[in-house]
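Written below as structure tokens is the structure these notes are about.
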Amino acid sequence: MGELLNIILELSDAAKKKAIDKFKKEDENLTDAQITYYIDIFEKRKDNSVFSKKDIFQYKFKELEEIIDKNFPKENKSSKDDEEVDFKFRFLKMSFLYSLRMCKNRS
């Protein structure tokens, strides 16, 4: 039930796109990835008391960025995602080496 509620409360893809467009108008040097990072953090933490406004469209990007950077340290990028990439890389490398060895054994 709680997971369903989170899904309902998260921004739709269309709303995220609208927020990205809004923030890019404020600063054309921002990338989609930068903006998405802050949108995602806001969505996860918007019930925290540091957010006086619960609607992301009421924030300027700089204001949102300052609140998040001050109150929520950036997550370590070498976390789960990097571990998964590393695992896949090692798996592909092992598969390649195994295939190479099998080819050598056939000749």
Looking at segment 24-46 only, could you name the residues that are among the acidic types (Asp, Glu) and over 17 Å from residue 12 (Cα atoms)?
26, 27, 28
Scanning segment 37-73 residue by residue, the ones that are in contact with a helix residue (DSSP H, G or I) (Cβ under 7 Å, 6 or more places away or on another chain), within 18 Å of residue 17 (Cα to Cα) and not in a helix (DSSP H, G or I) total 1
Just need a number here: residues in segment 53-107 that are of a type in the set (A, V, I, L, M, F, W, C), at pLDDT below 65 and under 25 Å from residue 35 (Cβ atoms).
1
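The values are calculated or read from the model by the stated rules, or taken from the named source; none is laboratory data. All of these numbers come straight from a predicted model, not from anything done at the bench. Quick reminder, even Gly has a Cβ in these numbers, built from the backbone with ideal geometry, and neighbours come from all protein chains shown.
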